[in-house]
Amino acid sequence: MAGAAWDAFERRMRELVDLGGIAGVIGWDQQVMMPPKGAELRAHQSTALASLLHERVVDPAFGEAIEQAEAEPDSLDDARRASLREARRDRDRAVRVPADLVRELAMAEAEGFEIWQKARPAKDFAMFRPVLERLVALKQQEADAIGHEGERYDALLDAYEPGMRLVRLEPLLHELRDGLVPLVAEIADRPRPDVSFLARDFPAHMQIEFSERVMRDLGFDLEAGRQDESAHPFTSGAGPYDVRLTTRIVPGDPRGSLMGTIHETGHGLYEQGIVGKKIERSFAGMAPSLGLHESQSRLWENQVGRSRAFWEHYYPAYREAFPDALVDIELERWLRAINIVEPSLIRVEADELTYNLHILIRFELEVALLRGNLAVADLPAAWNDAYRAALGVEVPHDGDGVLQDVHWSGGAFGYFPTYTLGNLYSAQLMEAARRDVGDLDEQFRRGDFAPLLGWMRKHIHSQGSLQPAEETARAATGKPLEPANLLAYLRAKYGELYDLA
Ligand SMILES: [Zn+2]
């Protein structure tokens with residue numbers, strides 16, 4: 001049944017997947033291994049590879065290969081149909097944007113990133129404003145070129161979260177906000193846990209050693225991946241048998257390296273699990289959305305790695321690894337320290353609960369920018385107002401305010417909600433796993449994470465992109481995406497930790 005048309009398409013698809021894997025490795029190398037003087041050369045190499053990939057995708061011959069393979073439905077199983085669906089989606093998006101606009105965007109994004117790197121430490125929004133204005137205008141043009149049904153945001157969101165639309169996302173996020181804001185306010189009235197002991201000496205090499213132990217225990221295969229250090233933790237690599245994770249030591253806070261490792265391990269376990277002859281080296285062998293990918297990192301980091309059961313297992317060994325720092329710190333104090341809720345200014349340092357409010361602020365603002373309801377010039381004031389309203393914090397300067405994230409400087413509008421979608425998915429998946437594999441807490445207490453991983457492998461990882469993200473999650477959980485599970489989980493967990501009524 002393997003038709004000639006499928007074979008011709010598959011050859012092109014495999015080349016694209018392989019080139020993507022090479023891009024993953026040289027991107028990793030740039031942040032982990034490359035000597036500083038290699039930067040300029042690497043920029044040329046990365047650009048050359050990106051243009052090659054783009055040319056192959058917009059090549060009319062690739063379009064014909066997709067069409068011809070689609071025209072032989074008898075030669076297609078579900079995996080092949082999924083690869084074709086993904087190929088068509090990517091190609092349609094790519095060919096609709098005129099070459100001039102692609103070039104202008106690439107230039108504005110490179111310039112945006114360069115200026116942002118200077119504007120943030122200088123706390124100078126005026127420096128960043130002209131390029132951000134240009135980026136917003138170009139992204140509006142890009143959205144119009146790709147096509148949408150009245151919401152430009154949809155066309156951009158679709159790049160990260162295929163199939164998600166504002167009309168569905170907005171009410172979901174508002175319902176979440178309406179549940180979170182009063183919970184954060186209740187917690188703010190409770191005594192603040194004393195976390196001063198975190199500033200004690202936690203030797204860096206012991207932090208790395210412990211994080212590697214946890215990574216192995218959770219099921220990360222070090223024969224098919226590795227962990228190194230980088231300025232910002234991330235997951236990359238060449239494919240499921242070569243997954244590169246990074247972590248970092250945060251001076252004065254031992255939670256950073258361990259929680260960073262567990263987060264990236266969640267991404268890495270997902271990558272290592274997208275295997276099977278049917279989907280490997282194909283478009284079906286990729287995660288269907290960033291939100292679903294993020295569900296795996298957040299599930300292992302928050303729902304597992306910050307849980308009482310997890311620490312009932314690990315805390316004795318953790319204390320032994322840092323005997324001086326933790327001599328007088330009991331498990332209860334440690335649990336409160338790794339789960340402290342604190343309205344703050346900086347998203348990447350935010351806790352599990354308020355993190356979503358940071359995302360909601362960005363989401364509202366970027367939707368308004370794309371709709372043309374908010375001028376870039378008014379963005380800093382709108383940002384500061386939103387932080388006051390949602391988190392009760394005053395923004396002292398734009399460096400710790402509107403300039404803190406890299407995303408907009410590189411034209412990544414529509415990316416932020418994928419973080420919160422990850423939290424929503426993770427809560428629903430965890431509930432379904434509890435239903436199917438029994439007492440997870442009891443298993444964690446024994447250091448047994450295999451049943452949970454096995455469930456994720458079966459229902460999420462091995463499914464690749466056979467179905468779109470929400471369909472994959474719906475098949476696993478029996479429910480559409482909704483905020484109820486996340487809110488119930490957060491209320492129960494923080495209700496106990498903070499003695500709420
Ligand atoms: Zn992540």
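The values are calculated or read from the model by the stated rules, or taken from the named source; none is laboratory data. This one's a predicted model, so the numbers in the text were calculated from it and none came from an experiment. Reconstructed Cβ throughout: ideal geometry from the backbone, glycine too, with neighbour counts over all protein chains shown. Each accessible area value is taken on the protein alone, full model and side chains, heavy atoms only, with ligands, DNA and RNA left out. Shrake-Rupley method; radii C 1.70, N 1.55, O 1.52, S 1.80 Å.
Computing FRET efficiency as 1/(1 + (r/R0)^6) for Asp144 and Lys118, where r is the C-beta to C-beta distance and R0 is 25 Å, gives about 0.20.
Karplus-based coupling profile of region 142-156, in residue order and whole Hz: 4, 4, 5, 5, 5, x, 6, 9, x, 10, 4, 4, 4, 5, 7, with θ = phi - 60° in 6.51 cos²θ - 1.76 cosθ + 1.60 and x standing for Gly or Pro. Per-residue ellipticity at 222 nm, computed for the chain from helices alone with -39500 (n - 2.57) per DSSP H run of at least four residues, works out to -20500 deg cm²/dmol. Residues whose amide H lies under 5 Å from that of Asp351, counting only those 5 or more places away or on a different chain, are Glu342; hydrogens are built 1.01 Å from N in the peptide plane. At the residue level, Tyr415 shows approximately 60 square angstrom of accessible surface with a 1.4 angstrom probe and all protein chains present. Find the centroid of the Cα atoms in region 30-66 and in region 150-224, then give the distance between the two in whole Å. Going from one Cα centre to the other spans 31 Å.
Rounded to the nearest 5, the antiparallel percentage of DSSP beta bridges internal to the chain is 45%.
About the centre of its Cα atoms, region 201-288 shows a dipole size close to 360 debye [charges on the beta carbon of Lys, Arg (+1) and Asp, Glu (-1) only; nearest 20 debye]. Contact order for region 242-342, expressed relative to its length and based on alpha carbon pairs under 8 Å spaced 6+ residues apart, stands at 24 percent. Legend: residues His461, His397, His44, sorted from most to least accessible area (1.4 Å probe; ligands, DNA and RNA excluded), read His44, His397, His461. Rounded to the nearest 20 debye, the dipole size of region 433-496 about its Cα centre is 20 debye, using +1 on the Cβ of Lys and Arg and -1 on the Cβ of Asp and Glu. In plain terms, the chain from Leu52 to Arg474 could stretch by 148.3 nm, reckoned as 0.36 nm per residue minus the Cα-Cα distance. Charge dipole (Cα centre; +1 on Lys/Arg Cβ, -1 on Asp/Glu Cβ; no other charges) of the chain amounts to roughly 240 debye. Ordering Pro203, Met259, Ala284 by the projection of their Cα atoms onto the charge dipole of region 170-292, which places +1 on the Cβ of Lys and Arg and -1 on the Cβ of Asp and Glu, puts Ala284 at the extreme positive end.
Taking Tyr494, Tyr489 and ordering them by how much accessible surface each has at a 1.4 Å probe, largest first, produces Tyr489, Tyr494. Between rounded, prolate and oblate, where does region 1-159 land on the alpha carbon gyration tensor, with a ≥ b ≥ c its root eigenvalues, rounded for a/c under 1.5, else prolate if a/b exceeds b/c? Cα axes put region 1-159 in the oblate bin. Across the accessible surface of the chain, with the other protein chains kept in place and a 1.4 Å probe, carbon and sulfur atoms take up 52 percent. Suppose a student asked you for the relative contact order of the chain, using Cα pairs under 8 Å spaced at least 6 residues apart; what percent would you report? Reported as a whole number, the value is 20 percent. For the set Val341, Val102, solvent exposure ranked by accessible area (probe 1.4 Å, protein chains only) runs largest to smallest as Val102, Val341. Between the listed residues Pro162, Leu403, Gly464, the Cα displaced farthest toward the positive end of the dipole of the chain, a dipole computed from Cβ unit charges relative to the Cα centre, is found at Gly464. One chain, two ends: Ile22 and Glu175. Fully extended at 0.36 nm per residue, the span grows by 51.0 nm beyond their Cα-Cα distance.
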